[in-house]
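Below you'll find the structure, written out as structure tokens, and then a few comments.
The values are calculated or read from the model by the stated rules, or taken from the named source; none is laboratory data. Please read these numbers as outputs of a predicted model, since none were measured by experiment. FYI the Cβ positions are ideal-geometry reconstructions off the backbone, even for glycines, and counts take in every protein chain you see. Remember, those area values only see protein heavy atoms, side chains included, never the ligands or the DNA or RNA. Shrake-Rupley method; radii C 1.70, N 1.55, O 1.52, S 1.80 Å.
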Amino acid sequence: MLSVLRAPIFAWLSLLMALWIIAPINAAFAEESKADKQVAAEVTQLAGADYWREVKSGVEGTTTSQWPEHNVLISVPGETWFILKEKWMSPAAAVAIFGSISMVVLMYWIVGPLKLSGERTGKKIMRWSRMDRALHWSMAFTFLTLAFSGLMLVYGKHFMKPYVPTELWGWTVYIAKQYHNYMGPLFFVLLILVLLKWWRKSIFNKTDVQWFMKLGGMVGKHKGTHPSADFSNGGEKALFWLLIVFGAIAAASGLILDFPIFGQTRRDMELSNLIHMFSALILICGFVFHIYIGLFGMEGALEGMVTGKVDETWAKEHHDKWYNEVKDNPDAAGSPEANKSQPDPSLTRHKEPS
Ligand code: HEM
């Protein structure tokens with residue numbers, strides 16, 4: 001009999017034991033899930049409008065990170081930067097850039113390119129060494145691609161993003177950002193080389209004052225008067241220093257943005273960003289004029305920067321003081337690389353610009 005009852009009794013006792021063990025665990029779980037639900041409810045309530053209101057008001061939290069401001073999820077003064085950048089700087093920059101482009105188009109249309117007054121003699125004068133040209137075109141390429149990628153980062157969301165597939169936009173802006181970040185430091189290096197190579201011939205003197213007073217002989221009653229100039233005229237010297245000063249500011253602020261590992265705060269980054277945009281804008285507007293003069297505005301200028309040599313008439317008309325210095329000095333140190341690589345009987349070897 002007992003043996004018959006053994007199995008159910010064992011089963012019953014097992015069940016009781018199981019209940020005895022499971023019940024408190026279950027109760028604990030129930031308690032925990034109740035607590036979880038309560039926390040979740042609180043978080044839900046907190047992560048609602050009130051929560052974000054607090055975060056947006058700049059309230060500080062706690063973090064193990066030691067970096068400045070890492071305990072602030074949303075920085076209130078950042079709003080000021082955002083408004084300055086998006087509502088003021090970006091539209092003003094667009095107006096300035098389109099304004100500069102419109103002005104050179106008008107200049108071409110109304111004033112027209114500056115042609116040589118005399119006939120070309122066919123005699124070539126060395127003006128830019130191979131090193132000068134390599135430096136110039138490297139700088140031009142770096143600057144223009146930086147400008148293009150930078151403008152894409154600022155304005156791409158307006159003129160490209162709404163009209164192309166999201167993936168294409170994503171890749172474009174990603175490539176623009178990476179390119180801009182990596183090429184920036186190269187621009188700084190080239191800027192230092194440009195300064196070292198051309199600073200001497202870019203120092204202003206009285207001749208430049210005269211040149212400015214006659215508006216470079218480019219417009220109005222002065223057009224075609226060919227005011228006196230050294231190797232570089234007043235306009236070129238001004239452009240050179242504009243490049244050096246604003247280029248250095250753009251490069252320095254760019255490096256602060258590129259390497260945020262020196263304890264820069266959000267304020268430092270915001271200020272650097274605005275300064276970077278402003279200096280880049282000045283450079284872009286300035287170089288719209290330079291590129292216009294180089295490509296369309298002055299007959300014979302581009303061939304100098306492409307081949308290294310200019311026609312004697314061009315040298316006489318645009319840089320008479322330099323021409324007078326070098327015309328009778330064929331044995332002075334010329335541009336050795338250029339002379340060696342392109343033996344040209346009509347080439348007059350002259351002193352290389354410093
Ligand atoms: C398509 C673009 C460009 C063209 C066609 C161009 C053309 C020229 C030409 C023809 C000259 C020689 C002028 C002369 O012999 O007196 C020159 C000089 C120069 N260019 Fe450019 N350029 C371009 C872009 C740039 C850019 C983007 C920069 C810098 C950001 C630059 C910086 C300079 C400098 C510093 C000089 C020397 C000016 C001096 O001090 O005499 N160029 N360029």
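Of the residues making up the range 302-318, those that are surrounded by 18 or more Cβ atoms within 10 Å (Cβ to Cβ) and under 26 Å from SER100 (Cα atoms) are GLY304, HIS318. In the range 221-242 there is no residue that is over 30 Å from THR313 (Cβ atoms) and within 16 Å of the ligand (Cβ to nearest atom). Summed over the range 201-220, the residues that are of a type outside the set (A, V, I, L, M, F, W, C), in a helix (DSSP H, G or I) and open to solvent by less than 80 Å² (accessible area, probe 1.4 Å) give a count of 7.
If I filter the range 187-200 for residues that are surrounded by fewer than 16 Cβ atoms within 10 Å (Cβ to Cβ) and under 28 Å from LEU114 (Cα atoms), do I get at least one hit? Yes; the residues of the range 187-200 include at least one that is surrounded by fewer than 16 Cβ atoms within 10 Å (Cβ to Cβ) and under 28 Å from LEU114 (Cα atoms). Restricting attention to the range 297-313, the residues that are within 9 Å of the ligand (Cβ to nearest atom) and in a helix (DSSP H, G or I) add up to 6.
Does LYS115 satisfy the criteria of being open to solvent by 80 Å² or more (accessible area, probe 1.4 Å) and either within 16 Å of the ligand (Cβ to nearest atom) or at pLDDT 95 or above (or both)?
yes
Would you check if there is a residue in the range 140-149 being open to solvent by 40 Å² or more (accessible area, probe 1.4 Å) and more than 20 Å from ALA301 (Cα to Cα)? For the range 140-149, residues open to solvent by 40 Å² or more (accessible area, probe 1.4 Å) and more than 20 Å from ALA301 (Cα to Cα): present. Within this structure, THR80 fails the test of being open to solvent by 70 Å² or more (accessible area, probe 1.4 Å) and assigned to a loop (DSSP other than H, G, I, E, B). Taken over the range 271-289, the criterion of being more than 14 Å from the chain's Cα centre (by Cα) and either surrounded by 19 or more Cβ atoms within 10 Å (Cβ to Cβ) or within 16 Å of the ligand (Cβ to nearest atom) (or both) is satisfied by GLY286, VAL288, PHE289.
LYS124 - would you say it is open to solvent by less than 80 Å² (accessible area, probe 1.4 Å) and within 23 Å of the chain's Cα centre (by Cα)? Talk me through it step by step, then tell me what you get.
Working: open to solvent by less than 80 Å² (accessible area, probe 1.4 Å): yes; within 23 Å of the chain's Cα centre (by Cα): no.
It is false that LYS124 is open to solvent by less than 80 Å² (accessible area, probe 1.4 Å) and within 23 Å of the chain's Cα centre (by Cα).
The residue that is farthest from GLU317 (Cα to Cα), counting only those in the range 121-173 that are within 16 Å of the ligand (Cβ to nearest atom) and part of a loop (DSSP other than H, G, I, E, B), is SER129. Which pairs do you get when a residue that is under 12 Å from ILE244 (Cβ atoms), found in the range 188-207, comes within reach of a residue that is among the basic types (Lys, Arg) and surrounded by 14 or more Cβ atoms within 10 Å (Cβ to Cβ), reach meaning Cβ atoms under 7 angstrom, with the pair 6+ apart or on two chains? Going by the 7 Å Cβ cut-off, the qualifying pairs are SER202/LYS237.
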